[in-house]
Amino acid sequence: MVGKYKVITLCGSTRFKDAFMETQKRLTLEGNIVISVGLFGHSGDDEVWTDGTKEMLDDMHRAKIDMADEIFVINVGGYIGSSTRSEIEYAKATGKLIRYLEDTI
């Protein structure tokens with residue numbers, strides 16, 4: 001497994017903190033470099049909601065997508081909110097591979 005590592009950015013609602021942590025661990029053990037969110041606003045990190053912080057974090061997450069080879073969407077129960085939908089569209093526009101935790105088709 002030592003060698004060139006694929007870079008994967010996790011996207012999804014921060015209400016699914018446990019799924020983020022489990023997925024990060026699994027993908028890392030599979031030999032990937034995993035980039036995740038820095039704060040979980042919907043799971044208790046209230047700093048997200050201070051003036052200007054959410055906008056900064058959204059912009060930062062697009063930069064994380066730019067650094068990645070692909071994104072991995074944490075879509076527990078098929079849920080994809082508006083922020084995540086925007087990130088998926090951004091990833092598509094920049095030619096990134098998109099994978100999902102749950103197949104919703």
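The values are calculated or read from the model by the stated rules, or taken from the named source; none is laboratory data. Please read all numbers here as calculations on a predicted model, not as lab measurements.
If you go through region 46-72, how many residues are at pLDDT below 75 and among the charged types (D, E, K, R)?
Final tally of qualifying residues: 2.
What number of residues in region 1-31 are over 20 Å from D69 (Cα atoms) and either hydroxyl-bearing (S, T, Y) or over 17 Å from the mean Cα position of the chain (by Cα) (or both)?
Number of matching residues: 2.
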